[in-house]
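Okay, structure first, notes after.
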Amino acid sequence: MSGTTAVAQDAGRGPVPAPEPDWLRNLRDLASSRLDATAWPTRADEEWRRTDLGPYGLPSFLAESGLAAQPTPAQRTLESGDPWAGSLRYRDATCTDRGLRADAGLAGVLLLPLEASWGLANTGLEAVFARGMESARDKLSLWHYRSWSHGANLIVPAGAELTDPIVVDLYLGAPGASLPHLAVRLEPGSRAIVVVRVRGEAVGAALNGRVDLDVGEAASLRYVEMHELDAASLVFWNARATVARDGRLEHTSAVLGSLLHRGELDCLLAGPGAEAMLRGLYFATGRQHVDLRTAQRHLFPRASSQALFKGAARDEASTVFQGLIDVAEHASKTDAYLANRNLLLGGTPRADSIPSLSIRNDDLRCSHGSTTGKIAPEERFYLMSRGLPRAEAQAMIVEGYFEEVIAHLPEGIAAELREGVLRRLVAKG
Amino acid sequence: MPSARTADAAPAPAEVSVGVGEYEHGFSYPDTSVFRTRKGLDEEVVTAISGHKGEPEWMRQYRLRAYRAFRSKPMPSWGADLSRLDFEAMTYYAKPVDKQRRSWEDVPDEIRRTFERIGIPEAERRFLAGVGAQYDSEVVYHNLREELSRKGVVFSDPETAIREHPDLVRRYFGTVIPYLDNKFAALNSAVWSGGSFIYVPPGVRVDVPLQAYFRINSASFGQFERTLIIADRDSFVHYIEGCTAPIYSTESLHSAVVEIVALEGARVRYTTIQNWSSDVYNLVTKRAVAHAGATVEWVDGNIGSRRTMKYPSVYLVGRGAHAEILSIAFAGKGQEQDTGGKAVHAASDTSSVITAKSISRDGGIASYRGLLAVKPGLTNVRSRVVCDALLLDERSSTNTFPTMEIESEDVSVEHEARVSRISEDQLFYLMSRGLSEAEASTMIVNGFLDPLVKQLPMEYAVELNRLIELQMEGSVG
């Protein structure tokens, strides 16, 4: 728990890549045997009722064992004027860049390619992977644990306060399977901002990624992820977050691309006083299908969580949002809220909204709400009466609609998300 | 060859009879033979049931097809815990005369005390407990029948309806809930017995709520009631099922099917107060089809039973139709109330309102399960769903599983759900006025349910309030 072995911030060489430890090889073997014994999920499985995996040709991706990781470059020192405090960039499974500012405030921060982390002690990765493997039941999760190839390992030491974001860029250039894994740990009392950008013009990649976020006692993590892959790619993105006593997690996700995006965010409020704010935006056009699930799980008293997911759908796209608030027996004085909003923008889109509550304690405040509808004609009329053409009026309203999710973000990221929304607005199909 | 009869009745069913003198319930009933099918269910049992009712061939075939569907369908993989249901250990049909022979002394104390507390008239108590000596409803019923038949309203049991109005029955029976719909609808379609058949001619308003109660004989509390209500154009009828008094039943599974057809401009309100005894599994399929300009209102109160799964639904298939579903559920010790409602919009300019209130106490589990679906290509569809759950102690649970499936864009769909406990401030206020905590809690709970209770006919509302009081004291299991 206390401190990790700091990596020599030596600009000359990266860490010596160590072979995979036994526990990891055993885990991959176990995943492999379970994978072979498990069938692909179908619509008869409750969890996959609203997403038919049939048309996407997944078995052919599975047959490839994923792109092998290449040796990692050395870590460079970022200038103090760099907008990022740290950066880790990948093109497919190859790490193309690693950087970290040398300020005193970043002493002890570990930002490594995950696949090169085995030489270090106390990374906690064995426990992280073991926990993940326990709950890996379906074929996609087992595939990930068998074949993940690259990713990020970020550890922020106790008390460290990072005011500028750390960015992880995952760029998909080649078609085929890509299986990244991101592990972020904030030790007690630390603060960090993490931005993950998943982009690419690979035309037909299948991304099967996992994120493990561990927010320590009284630590605070602001995490943003943007997904904007090409219109033929598939994304399966599974995130688990644990927030310890008095910890705080602010998680924002934006889904703006790919043909299919299936995302899960499971947030465990694992101590009294823990707080989580989960925001999401999704904008599906053409024939995109977006299926998002979130869970706010309260196990301890006095924790609070809020989820706000706003989506828009157009043309023949379809979106599904399922959000669960689960309050266990001893989680008194829980304060939990979940809201899902869906905006339908013409064509024949479909939006499914399934907010659920599973409550086993009576001393709480808990509610959820969901609304689905179209742009209010009077709002559009108001803007058009000011001289804006219809399309522009509509665009302005949509931008304003998503602002509720974007406004809280650091300005640079906020601007990028706004541009992403604009690109969706004008996308043809 | 196994025979579908009691072991000690040797001749074929049609030949066994009990003399009128031995029939002590005092009702008129076309066939007084003693008849009971053996335990378990197979095609022979189904055929025997149909034969005993003297049904036409088409109904017998319908039952057999439904039976085959029942066998082939799986149990639901969701909902209340049904693991202890044993289909082979049940008797699926017993003639009413035989069914409720029991003496007043055998009636459990709690039941007798409940009658007292709720204020059930003495004359009704014995009847409700299945002891059934005299019951005066026959007189009431006869007067009502004359008035109704003058207007052309049909109000009878489905067996009679098949004999007297076969065309009407054939046109609508099984069209709202096909036997393939789910396992329990299939079961009911195979072994149904009793229930109500109502037909209201065009333009006729039935001002008195029709109650199964009037027509009561023990078939009305049957396991597999089948109710079909057809409200012709611009008519109105209000039907009330069940009553607040606990129904003491030795049968463990009650699986009814209720179909409602509301033709253009008609309005149908169907009120249920269910208070089955605490060992009953109550698995019901209720659905209405609302044509253009029609309104269907479900008022559904679930207080009793061990497990209830029931989701009254309205399919809005005509322009301008409207649906309202009001649901109250009270889950006490050992109970699971898995209830809610479904509104499926298949026409433009339609609207629906679903209001569900539940209370969980002493380890009970109350779940709301609902569907709001809007089909493609519709305009001007509005819907609002509100679920409120009250948890009275830390042992109880509640779940909310609403689903919204929206395939048209010109809609306004809102859903909200809240879970809370009795507010400390409200309790303090009432207690500072001299009420005990129990009295204050009860008053708050009654207030919580008030918007729905207001929709009930007054005598039900009063009884329901008293019943809630009883539940709050925990003296009714």
## Note on the structure
Within the range B:285-305, residues at pLDDT 95 or above, surrounded by 23 or more Cβ atoms within 10 Å (Cβ to Cβ) and β-branched (Val, Ile, Thr) come out as B:Thr285, B:Val289, B:Val296
### Query
Going through the range A:124-157 one residue at a time, which ones are open to solvent by 50 Å² or more (accessible area, probe 1.4 Å), part of a helix (DSSP H, G or I) and polar (S, T, N, Q)?
none
### Query
Would you say A:Glu250 is open to solvent by 10 Å² or more (accessible area, probe 1.4 Å) and touching a residue at least 60 places away in the same chain (Cβ under 8 Å)?
yes
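Every residue, every condition in (1) surrounded by fewer than 21 Cβ atoms within 10 Å (Cβ to Cβ); (2) out of contact with any His (no Cβ under 9 Å at 6 or more places or on another chain); (3) at pLDDT 70 or above, yes or no:
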site: B:Glu122; (1), (2), (3): yes, yes, no
site: B:Leu128; (1), (2), (3): no, yes, no
site: B:Tyr179; (1), (2), (3): no, yes, yes
site: B:Ala190; (1), (2), (3): no, yes, yes
### Summary
A:Ser332 vs (1) modelled with pLDDT of 95 or more; (2) more than 22 Å from B:Val386 (Cα to Cα): all pass except (1)
### Task
Please identify the pairs in which a residue from the range A:365-385 that is more than 28 Å from B:Asp388 (Cβ to Cβ) has its Cβ atom under 9 Å from the Cβ atom of a residue that is of a type in the set (Phe, Trp, Tyr) and crowded, with 17+ Cβ neighbours inside 10 Å, counting only partners at least 6 apart or on another chain.
A:Ile375/A:Tyr401
#### Entry: Matching residues, the range B:390-401, being out of contact with any Cys (no Cβ under 7 Å at 6 or more places or on another chain) and within 7 Å of chain A (Cβ to nearest Cβ)
B:Leu391, B:Leu392, B:Asp393, B:Glu394, B:Ser396, B:Ser397, B:Thr398, B:Asn399, B:Phe401
### Query
Here are some residues: A:Arg297, A:Arg302. Which one is open to solvent by 10 Å² or more (accessible area, probe 1.4 Å), charged (D, E, K, R) and outside any strand (DSSP E or B)?
A:Arg302
### Message
Looking only at residues that are in contact with an Asp or Glu (Cβ under 7 Å, 6 or more places away or on another chain) and either assigned to a loop (DSSP other than H, G, I, E, B) or within 8 Å of another protein chain (Cβ to nearest Cβ) (or both) in the range B:379-389, which one is farthest from A:His368 (Cα to Cα)?
### Response
B:Thr379
### Task
Scan the range A:360-390 for residues that are open to solvent by less than 20 Å² (accessible area, probe 1.4 Å) and within 23 Å of A:Val320 (Cα to Cα) and jot them down.
A:Cys366, A:His368, A:Gly369, A:Ser370, A:Thr372, A:Gly373, A:Ile375
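Can you find a residue that is assigned to a loop (DSSP other than H, G, I, E, B) and of a type in the set (A, V, I, L, M, F, W, C) anywhere in the range B:52-63? Talk me through it step by step, then tell me what you get.
So the first thing to find is which residues in the range B:52-63 are assigned to a loop (DSSP other than H, G, I, E, B), and the list is B:54-56.
Subset that is of a type in the set (A, V, I, L, M, F, W, C): none.
No, every residue in the range B:52-63 fails to be assigned to a loop (DSSP other than H, G, I, E, B) and of a type in the set (A, V, I, L, M, F, W, C).
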### Task
Go through (1) of a type in the set (S, T, N, Q); (2) open to solvent by 20 Å² or more (accessible area, probe 1.4 Å); (3) more than 11 Å from chain B (Cβ to nearest Cβ) and name the single condition A:Ser318 misses.
(3)
### Task
Inspect the range B:365-378 for any residue being under 30 Å from A:Arg314 (Cα atoms), of a type in the set (Gly, Ala, Ser) and under 22 Å from the mean Cα position of the chain (by Cα) and give the result as yes or no.
yes
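Tally up the residues in the range A:198-211 that are in a strand (DSSP E or B) and either among the hydroxyl-bearing types (Ser, Thr, Tyr) or open to solvent by less than 20 Å² (accessible area, probe 1.4 Å) (or both), please.
9
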### Message
Could you tell me how many of the residues in the range A:158-192 are over 25 Å from A:Gly412 (Cβ atoms) and assigned to a loop (DSSP other than H, G, I, E, B)?
### Response
8
## Note on the structure
Condition set among the small types (Gly, Ala, Ser) and more than 16 Å from A:Gln306 (Cβ to Cβ), scope the range A:327-336, selection nearest to the other protein chains (Cβ to nearest Cβ): answer is A:Ser332
### Summary
Exception for B:Gly318 within (1) closer than 19 Å to B:Gly370 by Cα; (2) not in a strand (DSSP E or B) falls at (1)
### Query
Got a sec? Which of B:Ser383, B:Ser412 is open to solvent by 20 Å² or more (accessible area, probe 1.4 Å) and modelled with pLDDT of 90 or more?
B:Ser412
### Task
Being loosely packed, with under 14 Cβ neighbours inside 10 Å and assigned to a helix (DSSP H, G or I) is the filter here, so list the residues in the range A:24-43 that pass it.
A:Arg25, A:Asn26, A:Asp29, A:Ser33, A:Asp36, A:Ala37
### Message
Could you tell me how many of the residues in the range A:337-350 are of a type outside the set (Ser, Thr, Tyr), within 7 Å of chain B (Cβ to nearest Cβ) and open to solvent by 50 Å² or more (accessible area, probe 1.4 Å)?
### Response
1
### Query
Identify, please: which residue in the range A:351-384 is more than 7 Å from every other protein chain (Cβ to nearest Cβ) and acidic (Asp, Glu) and is, among those, farthest from A:Ala328 (Cα to Cα)?
A:Glu378
### Message
Which of the numbered conditions does B:Ser408 fail, given that it passes all the others? Conditions: (1) of a type in the set (S, T, N, Q); (2) within 20 Å of B:Thr339 (Cα to Cα); (3) over 29 Å from the mean Cα position of the chain (by Cα).
### Response
(2)
### Query
Among the residues of the range A:164-180, is there at least one that is closer than 19 Å to A:Arg297 by Cβ and either of a type outside the set (S, T, N, Q) or surrounded by fewer than 21 Cβ atoms within 10 Å (Cβ to Cβ) (or both)?
no
### Query
Mind checking whether some residue in the range A:273-289 is out of contact with any Leu (no Cβ under 6 Å at 6 or more places or on another chain), small (Gly, Ala, Ser), without any contact (Cβ under 8 Å) to a residue 60 or more places away in the chain and more than 18 Å from A:Phe402 (Cβ to Cβ)?
yes
### Summary
Flagged pairs (Cβ under 8 angstrom, 6 or more apart or on separate chains; first in the range B:431-447, within 17 Å of B:Asp388 (Cβ to Cβ); second hydroxyl-bearing (Ser, Thr, Tyr)) are B:Ile444/B:Ser423
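Here is a yes/no grid of residues against (1) away from chain A (no Cβ under 14 Å); (2) out of contact with any helix residue (DSSP H, G or I) (no Cβ under 9 Å at 6 or more places or on another chain); (3) part of a helix (DSSP H, G or I):
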position	(1), (2), (3)
B:Glu405	no, yes, no
B:Val419	no, yes, no
B:Leu430	yes, no, yes
B:Ala440	yes, no, yes
B:Ile444	no, no, yes
B:Pro451	yes, yes, yes
B:Gln455	yes, no, no
B:Ala461	yes, no, yes
B:Arg466	yes, no, yes
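The values are calculated or read from the model by the stated rules, or taken from the named source; none is laboratory data. Since the structure is predicted, the reported quantities are computational estimates derived from the model, not experimental observations. Please note: Cβ atoms are built from the backbone with ideal geometry, for glycine as well, and neighbour counts cover all protein chains shown. Surface areas here come from the heavy atoms of the whole protein model, side chains and all, with no ligands, DNA or RNA. Shrake-Rupley method; radii C 1.70, N 1.55, O 1.52, S 1.80 Å.
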